[in-house]
Amino acid sequence: MARLNDDAQWIILMGFLISFSFFFLALIINQSTVVGQTTAESIIEFPKNDIRDFRGIFIDVIAKNTTLANSSYIQNDLKSISLNRKNAVVNFSVWYKPNDTHTYVDLYYNNGVTLYNETWTSL
């Protein structure tokens, strides 16, 4: 660049600056796309319908009949069906407070990615 005049040196210098700025912007846009993609994938992986199914079956069938809820056969069937069909570990436990007419149930769901706990109370 020693033999070029001052105008040519400025043109070459501006060309380098513009090319480096394009490279930098491309790198930033590439990283923001990756962040947006992983965020969207984590939302898709949330098993909302599986949790609704488990909760719905429990509330419709088991919570209305508390003697059935304490049955180990029902608990083992729910565990094995959810493990075989949904690859999820589910568990529930029914408990009561002294001098209270409500039934309290702890619901647990875990598919390896999502962990969901809920305490359900009957009226």
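The values are calculated or read from the model by the stated rules, or taken from the named source; none is laboratory data. None of these values were measured; they are calculated from a predicted model. FYI the Cβ positions are ideal-geometry reconstructions off the backbone, even for glycines, and counts take in every protein chain you see.
Quick notes on this structure:
- The residues of region 80-104 that are under 15 Å from Ile51 (Cα atoms) and not in a helix (DSSP H, G or I), listed by number, are Asn87, Ala88, Val89, Val90, Asn91, Phe92.
- Screening Leu4, Leu13, Leu83, Leu17 for residues that are surrounded by 11 or more Cβ atoms within 10 Å (Cβ to Cβ), over 22 Å from Tyr116 (Cα atoms) and either touching a helix residue (DSSP H, G or I) at 6+ places or on another chain (Cβ under 7 Å) or modelled with pLDDT of 85 or more (or both) leaves exactly one candidate, Leu13.
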